[in-house]
Every structure is written in structure tokens, then in C-alpha cells.
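Have a look at the structure below before the remarks.
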Amino acid sequence: MSARVHFVGAGPGDPELLTLKAARLIAQADTLIYPGSLTPKAVVDMARPGARILDSAGMTLEETHAAIMETVRAGGRAVRLQAGDPALYGTVAEQARLLEAEGVDYEVVPGVTAASAASAAFRIPATAPEITQTLILTRITGRTPVPEAEALRELARHGSALAVYLASAEPEAVREELLAGGHAPDTTVAVAHRVGWPEQELHLSTVRDFPELVRERGLTRQTLFLVLPGAGAGTRSKLYDPAFTHGCRTSGA
């Protein structure tokens, strides 16, 4: 591998949900930088003895970059863990720009995002035949804004499944947006707290009731809301219907 810097998806928390590539790179790292509040100790413990381990929670972008560059200049390999998948709500782009400015090659390794892990944990698919074939991953405005066209009520108007990240502090605001966007009060909301962690909590509720559940349980950080209009509904998949033909099977086969 030519890259000496790797941005690695650490998944939702369960070390066994790391990709094989992620596990290998963590074990090979000379410097491992991880988000302390979002990464279980079991993942960090996969680093080799003697590796430099840094918790990024108290570090600035510049300090993180300096640690990476120190490793690169010494001929080592730096791994920057990103909770979940690096493509979602991470900081890879701004870190990558600093590396590119210094001519340093890097690699991005995907990870399992919380929406996928939650759907699996609940054993409820996000899509349902002839009900919804779309899953929207989004968040609400908090300390940082969301583009007006992507306001949750606007996305909710599609009637699609929704994975709402970074919103556990304002469940009532999420409910208000979902109702304003047309979701029925009895639409299923799956509440996943620290999915994949030992202290994981999974609760099935509704648009009407889930904020009270969140408050009563004290579910704060690392809580995801899956809005599932197709839960328990949907028709039989055509793919395995004996009357449905396709390139690999003729009718009646």
C-alpha cells in the first residue's frame, strides 16, 4: 500500500462489526487516533503493543494533523478512526485537505453505520416492497445548521424511511417535524441507543410516543431514530415469486 494514512470506519461499537480491512489496519498502525467518546475500548485494544494511542476528543484539527504528519515523516502508518462510516458526519474532508496540501497520500476505509446496525438489531428492514424503497439518512439543525431544503419536515413529506442522527437532545422537535411532514402518529419509530455496545438499548415506539420514551430512559448521546413507515407491512418480494421471471430464473422454475 502506498498510503501511510488511513481514515477507517470503526462501525457503531461492536468490534465484530469492523471490516477485516479495518481490523488489519488498526493492528498495523504505528499511531492510532480515535474518538474517545464514540469508540469502545475493545476496538482500541486491537492496536499492537507499542503503538502510539491518541484520543482525539481533546484535540484540535491542527493537533490531529500534526500527530499524523509526525508519524508519516518517521516512515510509520497512521490510522484515524471515524465512528460509524467516514462518509457520514465525519471530518475526513477537512483532514484530507491538509494532507493533500502536503502531498501525503491517504485511504478511506468504509464502516458499518448506525442505521444499518440498528435495522439489523431490530430485525426490521428499512425498505418494504410497494411501501417504501428509500431510506433517507439525515439530522436536524442543532449547534450546526441544516440546509433549509433539507429540513426534516421537507424530507418527511416523501413518506420514506428515515434515519435521524444527532437528534437525541431534541426528540420533541423531531416529532414535530415528522408530523408536519405527514407521517402518521402511529408510524413506527425504532429508538437505538449505543447500538453494538454492551449497554445497547433498543426500543420500538411511535412518532406519537417516542420523545417521552427517550426522556424517561435518559437516552442522550449516540441515540438514533429509525422512522419506519413500512414496518410490518409490504407485499411479497417479486424477486422470489415463482410467477416473476428474470435472467436467472424462468417462470415456474
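Structure values in brief
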| quantity | calculated |
| --- | --- |
| Verdict on Ala149 being surrounded by fewer than 22 Cβ atoms within 10 Å (Cβ to Cβ) and in contact (Cβ under 8 Å) with a residue 24 or more places away in the chain | no |
| Residue tally, condition in contact (Cβ under 8 Å) with a residue 60 or more places away in the chain and outside any loop (DSSP other than H, G, I, E, B), over region 121-137 | 4 |
| Tally of residues being over 11 Å from Ser168 (Cβ atoms), touching a strand residue (DSSP E or B) at 6+ places or on another chain (Cβ under 8 Å) and not in a loop (DSSP other than H, G, I, E, B) across region 193-218 | 7 |
| Tally of residues being assigned to a helix (DSSP H, G or I) and among the aromatic types (Phe, Trp, Tyr) across region 96-120 | 0 |
| Per-region count, region 1-56, residues surrounded by fewer than 18 Cβ atoms within 10 Å (Cβ to Cβ), more than 16 Å from Pro110 (Cα to Cα) and in contact (Cβ under 8 Å) with a residue 60 or more places away in the chain | 3 |
| Scope region 156-173; condition assigned to a loop (DSSP other than H, G, I, E, B) and more than 14 Å from Pro229 (Cα to Cα); matching residues | Leu166, Ala167, Ser168, Ala169, Glu170 |
| Qualifying residue in region 241-249 (condition: touching a Lys or Arg at 6+ places or on another chain (Cβ under 8 Å), over 23 Å from Ser116 (Cα atoms), modelled with pLDDT of 90 or more and surrounded by fewer than 16 Cβ atoms within 10 Å (Cβ to Cβ)) | no |
| Selection within region 127-150 - aliphatic (A, V, I, L, M) and modelled with pLDDT under 95 | Ala128, Ile131, Ile140, Val146, Ala149 |
| Residues of region 1-47 that turn out to be under 18 Å from the mean Cα position of the chain (by Cα), in a loop (DSSP other than H, G, I, E, B) and small (Gly, Ala, Ser), as a count | 4 |
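The values are calculated or read from the model by the stated rules, or taken from the named source; none is laboratory data. Small disclaimer: the values here were computed from a predicted structure and weren't measured. A quick note on method: Cβ atoms are made from the backbone with ideal geometry, for glycine too, and the neighbour counts reach across all protein chains shown.
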